[in-house]
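Colleague: Sending over a structure as structure tokens; questions will come in a sec.
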Amino acid sequence: MAQKVAIYIRVSKKDESQDTENQLLQLQEFCVTNSYIIYKVYQDNESGKKGRSERQGFDELFKDARAKKFNLVLFWALDRFSREGMFKTIKYLEQLESYGIRFRSLTEDYLHTDNELTRNLLLAMMSTFAKLEIQKISDRTKAGLERAKQKGKTLGRVPIDGETIKKIKELRSSGSSISKTAKKLKVSISTVRKYQ
């Protein structure tokens, strides 16, 4: 039975030198060569860094994937599919897999899941890269916080002093509401709840 294919194409609005037409023609030729039936072409003219809900074509693709309207998603390159970072991109690919939908990149021949062994190996590798990316982000964040601390910057909220705590207790015992107390003392509602 021939594969029913969803084609996903995307260009960024900001880059006028890009055109979906070139992507689409080559993806359609690939489908003809491989006797794939094109179910639908999904298109976005948005940044690939935008989330699923901000890309109408991408969101529709996933809704139709969940309904199993096709069994393969074909895209020009992984960065045309998503540029939200490795972790989020892998989550999208795993989501397709959970629906029983395969995926394939036209320009990255290694990036396809037609073969079960290749699919398992590919997802394991991509998952590892995503974890490494998360660790790298965490390390950079920690280094940035440490640098800020060394420069004498206060991290997090400014600590509540004893005088403010005393005023919170007084206002609350005199019948002032939590929100009015917070507003009057310019502190958060959770701070008032904590010290009332």
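The values are calculated or read from the model by the stated rules, or taken from the named source; none is laboratory data. These numbers were taken from a predicted model, which means no experiment stands behind them. Positions of Cβ are generated from backbone atoms using ideal geometry, with glycine treated the same way; all protein chains shown enter the neighbour counts.
Colleague: Within the bounds of the stretch 92-104, is there any residue that is at pLDDT below 90 and assigned to a loop (DSSP other than H, G, I, E, B)?
Modeller: Scanning the stretch 92-104 turns up no residue that is at pLDDT below 90 and assigned to a loop (DSSP other than H, G, I, E, B).
Colleague: To continue, here is another question. Among the residues in the stretch 93-101, are any exposed (fewer than 12 other Cβ atoms within 10 Å of the Cβ) and among the aromatic types (F, W, Y)?
Modeller: The answer is no, given that none of the residues of the stretch 93-101 is exposed (fewer than 12 other Cβ atoms within 10 Å of the Cβ) and among the aromatic types (F, W, Y).
Colleague: All but one of (1) out of contact with any Ser or Thr (no Cβ under 8 Å at 6 or more places or on another chain); (2) at pLDDT 90 or above hold for V158; which doesn't?
Modeller: (2)
Colleague: Can you tell me which residue within the stretch 60-88, out of those that are in a helix (DSSP H, G or I) and touching a residue at least 40 places away in the same chain (Cβ under 8 Å), is nearest to V11 (Cα to Cα)?
Modeller: The selected residue is R80.
Colleague: Ok, one more. Looking at the stretch 22-59 only, could you name the residues that are under 16 Å from the mean Cα position of the chain (by Cα) and in a helix (DSSP H, G or I)?
Modeller: R52, S53, E54, Q56, G57, F58, D59
Colleague: Could you tell me which numbered condition K50 fails, if it satisfies all but one of (1) touching a strand residue (DSSP E or B) at 6+ places or on another chain (Cβ under 7 Å); (2) at pLDDT below 90?
Modeller: (1)
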